[in-house]
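Reading through the C-alpha cells given below for one structure.
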Amino acid sequence: MERIDTEFNGICCLCGSRGRVLYRHLTDTLFGAPGEWTLKMCTGADCGLLWLDPRPAINDIGKAYRQYYTHGSGNDAGQSRGVRLVRTILHGMSIRFLGLRGERRRYKCIYLDKTLPGRLLEVGCGNGKRLARMKALGWDVMGQEIDPVAAEYARTRKGIPVHLGSLEAIDQPGEYDAVIVSHVIEHVHDPIDLLRNCSRLLRKNGMLVILTPNAASYGHRKFGSHWRGLEPPRHLHLFSTKTLARLTQKAGFNDLRVWTTPVGAYGIGQQSRVPGKTLQPGCGSASLRDVLRGFWFQVAARLIFLIDRDSGEECVLIGFK
C-alpha cells in the first residue's frame, strides 16, 4: 500500500506549547489508509488540544480519503439486510425512548431550525446530503469541497451547486447568512485560517455553526485509543468545548454558544473498535454485535449526559461575525 508522506507538527496551534504523547501506533481501522500515527495532547496550562504529530503532509493527505465514505455506496453498504433492520429498529427506539427526538430534529437541521432561511454555505459539503436537506427547508445553498468525487456526486445526484477548490478561492465576501462546518474543522491543517475565511464570507452578524467530535466525551473515556472520533490519519486536531471556543474567538467570532450533544452516540459506539478486534475497512461493515454495542452505548451515553453536560460525543458551536 502506498505510504503517506508526513510533516512534523510539534506546536499547539492555540497556545504555542508543546505536546506530550497520548497514543502511539494508531491505525486507520475504518477506511484502511496506510501508516501508524501518534496523537499528542497540549501541555499548556488550561489548554488540552489534541493533534497528530507527525501528520499527513498537505500535498499527500488525499491518499487518506481514497476509500472514504463519500466514494462508496453508503455507510450501510457492507451490512446484511437483517443487521440493517435491527439497527434501524434499535436506533429508532433509542432516539424515542431516551428523549432525543427533538435534539435529533435540530441536529439534522444543523441547529438552524430557528433561523430564517437565507444564503447558506457548507464548508466541506461531502456528498451534499446535508445541503439537500437544508435546500428542502428553503435555504439558498452552496457547497465547497476539495474532493472531486464527492463534489461530482453532490452536483449530479443531489442537485447542489458546489465550488470545487479551496475555501480561500471563493470570491464572495460578505454574501452568506450562515456558514456550516460539520465534521470538517478536525480535518484541516490550519483550522484558524479556515474560520477566518468563513468570517470573510459571512455578512455582518452572520452565523457560524460548527460540529466536531468532542475530545472530552464519554466515548473517548470509555474506548480510549479505539474511540471512533480519533479517526487517524484524517482527524488532525481534536477539540473540547473549551478549545473549540478558544479557536473560534481567535478567528474573530463573538457571542459564542458551545455545548455537547449525545445524539450521535449510537454510531460512535457501533464504530469504536473493541480492543483485540480487527474491523474490516469501511464504516458499513458492522456485525450484529457492533449494532448491539451501539445501542447500549447510546443508552449509557444518554444517561451519563444527564449528569455531565460536557460528555456528549460531539461539540456544537454557534458564533456570530
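Just so it is clear, none of the values below were taken in a lab; they were calculated from the coordinates. Small disclaimer: the values here were computed from a predicted structure and weren't measured. Note: ideal-geometry Cβ built from the backbone for every residue, glycine included; neighbour counts use all protein chains shown.
Among Ala286, Ala169, Ala150, the largest mean-square fluctuation in a Gaussian network model of the chain, built with springs joining Cα atoms closer than 10 Å, belongs to Ala169.
If R0 equals 25 Å, the separation of the Cβ atoms of Arg104 and Asp255 corresponds to a calculated FRET efficiency of about 0.45. Comparing Ile185, Ile95, Ile58 in a Gaussian network model of the chain (Cα springs below 10 Å), the most mobile by mean-square fluctuation is Ile58. Return the FRET efficiency for the residue pair Thr156, Lys114: r is the Cβ-Cβ distance, R0 is 41 Å, and the value is rounded to the nearest 0.05. That pair, Thr156 with Lys114, gives E of 0.80. The stretch 203-249 and the stretch 87-165 have Cα centres spaced 19 Å apart. Would you report the distance distribution of C-alpha pairs in the chain as whole percents per 20 angstrom bin, up to the bin with the largest distance? Distribution as computed: 31, 64, 5 percent. Fully extending the segment from Ser166 to Arg18 would add 50.4 nm, taking 0.36 nm per residue of separation and subtracting the current Cα-Cα distance. Net charge of the neighbourhood of Ile318, taken over other residues with C-beta under 10 Å away and scored Lys/Arg +1, Asp/Glu -1, is 0. Across the stretch 6-320, how many lysine pairs, 8 or more positions apart or on different chains, have C-alpha atoms separated by under 14 Å? Please give the number. Final tally of qualifying lysine pairs is 5. Only helices enter this figure: runs of n ≥ 4 DSSP H residues, each worth -39500 (n - 2.57), summed and divided by the residues of the chain, yield -9000 deg cm²/dmol at 222 nm to the nearest 500. Among the trypsin sites (Lys or Arg not before Pro) in the stretch 80-161, those placed in a DSSP loop whose Cβ has at most 12 other Cβ atoms within 10 Å are Lys114. Spin-label model, Ile192/Ile146: points 7 Å from Cα along the beta carbon direction are separated by 1.8 nm. Of all the options Met142, Met134, Met93, the one that moves most in a Gaussian network model of the chain with Cα springs shorter than 10 angstrom is Met93. Note on Phe97 and Asp5: the model spin-label points, each 7 Å out from Cα along the C-beta direction, lie 5.4 nm apart. Can you check what the net charge comes to around Gly118, using other residues whose Cβ is under 11 Å from the Cβ of Gly118 (Lys, Arg +1; Asp, Glu -1)? Every neighbour counted, the sum reads -1.
Rank these for me by crowding, His25, His220, His226, His189, going from fewest to most other beta carbons within 10 Å.
His25, His189, His226, His220
Extension gain for Leu306-Ser80 works out to 77.9 nm (0.36 nm per residue, less the C-alpha to C-alpha distance).
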